[in-house]
1. Give me a count of the residues in the range A:185-203 that are free of Cβ contacts under 8 Å to residues at least 60 places away in the same chain and surrounded by fewer than 22 Cβ atoms within 10 Å (Cβ to Cβ).
2. Looking at the range A:152-172, is at least one residue in a strand (DSSP E or B), surrounded by 19 or more Cβ atoms within 10 Å (Cβ to Cβ) and touching a residue at least 40 places away in the same chain (Cβ under 8 Å)?
3. Please go through the range B:22-41 and pick out each residue that is facing chain A (nearest Cβ under 9 Å) and either among the hydroxyl-bearing types (Ser, Thr, Tyr) or in contact with a Pro (Cβ under 9 Å, 6 or more places away or on another chain) (or both).
4. For the range A:1-103, give me every one of the helices (runs of 4 or more DSSP H) that falls completely inside it and has 3 or more residues that are modelled with pLDDT of 90 or more.
5. Quick one: would you say A:Leu192 is under 25 Å from A:Asp236 (Cα atoms), within 17 Å of the chain's Cα centre (by Cα) and either modelled with pLDDT under 95 or part of a helix (DSSP H, G or I) (or both)?
6. Output the number of the condition that B:Val93 fails; it satisfies all remaining conditions of (1) touching a Phe, Trp or Tyr at 6+ places or on another chain (Cβ under 7 Å); (2) within 14 Å of another protein chain (Cβ to nearest Cβ); (3) assigned to a loop (DSSP other than H, G, I, E, B).
7. Within the group A:Ser57, A:Ser120, A:Ser91, which residue is at the interface with another protein chain (Cβ under 10 Å from one of its Cβ atoms) and either out of contact with any Pro (no Cβ under 7 Å at 6 or more places or on another chain) or touching a residue at least 40 places away in the same chain (Cβ under 8 Å) (or both)?
8. Residues in the range B:125-132: is at least one hydrophobic (A, V, I, L, M, F, W, C), buried (at least 21 other Cβ atoms within 10 Å of the Cβ) and part of a helix (DSSP H, G or I)?
Amino acid sequence: MLLKVAIKPTYIIERFDSCGIYLVGDILRLISMSNSIIRVENLVKKFNSFEAVSDVSFEVFEGETFGFLGPNGAGKTTTINALVTIAKPTSGKAYLNGFNVVENPGDVRRSIGIVFQDPSLDERLTAIDNLQFHGIIYNIDKQTRNKNIATMLDMMKLTERQNDLVRTFSGGMKRRLEIARGLIHEPKVLFLDEPTIGLDPQTRNYIWTYIDRLKERTGLTIFLTTHYMDEAENCDRIAIIDEGKIIALDTPENLKKMVGENIITLKTEDNDKAKKEIQDKFGISLKQRADAIRLEVSDGEKFVPKLIKETTVNIDYISLWKPTLDDVFLKLTGRAIREEKADASEQMRQRSRMWIKRR
Amino acid sequence: MNINHNAKGAYVIWLRELKRYWVDKPRIISSLAQPLLFLFILGTGLSRIGSSKLGIEFIFPGIIGMTLLFTSIFSAVSIVWDREFGFLKEVLVAPVSRTAVAIGKALGGASVAMIQGTLILLLAPFIGVVLNPIILIKLWSFMFLIAFSINSLGLIVAVRMKTMEGFQMVMNFFLFPMFLLSGALFPITSLPGWLSYLVRANPLTYGVDLLRQTLLGPHVAVFSPYFDLGFLICFAIIAISVAVIMFRTTE
């Protein structure tokens, strides 16, 4: 068992409130920090001589959305497989909800819900059968089962289709059904392995609105992997993983700060006058190129309106460039996302995706 | 994880097999086509050869055995796909023992195979074989035993298979030899030595022998029914045990 530091949230708030200097966000952060729900220590997973995960350590706190971002084959799914007790770690330790994943797999399994990268529904059964069977296998009593199934179907907007065969569902509906299923046994952590892979951009956004709604209503801890940079932005914290190692771990904002400031490029009627004005009013040193002014600020979106309001010179053109997680990855590894290697099981996976799309 | 919970797990896996089977009615019909072709075309052809022992009546129990064999193996091998892209993947991370999963799967596959076998058995009156309730109960018990044995054997083969590529190999080196060496289509008495050893090592041989003497009478028996039954029961116990162990030790 993990030793948990028991700090009562109310106690912290009372104390800090009397000081009157802490922000609510800081307090919430402190409370959540005290409860780590996943703890991984020096995890290593080898397949023969190939090291898929090499010496990875991190913690996930209760209630946060934690993302694993990295190219395909970086070791994301392998790490998840170790956490969900499918794969035995070669060395290192991992705890989930206080249980050791090697020593107490049963307790770990009861604490988690999983949505796999590949579909794992029974297409020849109805939606409700898939959910009921899941509930029985997790040994949930009938009353709780029916209640939870109704709640999840409603939350994922699938109630009307519950008696239809899953093979008649669209890709997005199947994903929603899988998310619903993963939550029927009331897990502490929901694992989403590439939750939107193989879906079109519109459906991807749609799935995310459902995940957001879920977070809002349940306060669930979500652990997700993705190789879509824009999706990683939805996480509270991100671990960037490459070749089996975590190369950075922080909030999306902080990660992006590693790359640099926001850059505003500006063209005006009178660049010299504008430049002087900005320097005087904001105290920012700026560079002037041939026909444009370039300035670096930390919070571009808030700065641009201020800039427009305060400048008396007419502005012809203004652009804001913000670093993305893509840039972070590029800076850290020196390259963009790698292409997937296709081994036998990968070929089978691709075939299955084609098969699924066709229907 | 208590016994009750695991029994529920096995029950769900079993129920799922039956529900899947029931939903896909076109497949039920099409999977009957092959045994019917064998029975009526091959059977009629064989009866023209001259030997009174051959013919539709003789191969009828063999065709039931074949139906049990093919349905069972297909059901077992489906775990390869199911484990990567199906419900089994999710079952394997549930807090339910692998033993329950393997037994549930073997029981489910066996039940489906039994239904398929029974559909062939319904043709008995057209072939001139008389059935009564006692014979029927005997036949069902034997069919279940055969189907359960072969399902367990199929699980052993499938559990370490990583891709469906191996399926063709299973067909050629496992399924067809088992079928042809079982005495389903021709008598196995007076076969040359090397062939008769292979025939005797094949569990389906004893299954077909058992079905045949139950349906047609003791004069067609090759082995004693107790020997057949004993062999099949031992085989079933060993096969399901090995399957369970392999299920438990596979990542």
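The values are calculated or read from the model by the stated rules, or taken from the named source; none is laboratory data. Remember, predicted model here, so these are calculated numbers, not experimental data. When we count neighbours, we look across all protein chains shown, and the Cβ atoms used for this are built from the backbone with ideal geometry, even at glycine.
1. Qualifying residue count, the range A:185-203: 6.
2. No: zero hits.
3. none
4. By residue number, A:76-83.
5. yes
6. The number of the failed condition is (1).
7. Of the residues listed, the single one that is at the interface with another protein chain (Cβ under 10 Å from one of its Cβ atoms) and either out of contact with any Pro (no Cβ under 7 Å at 6 or more places or on another chain) or touching a residue at least 40 places away in the same chain (Cβ under 8 Å) (or both) is A:Ser120.
8. no
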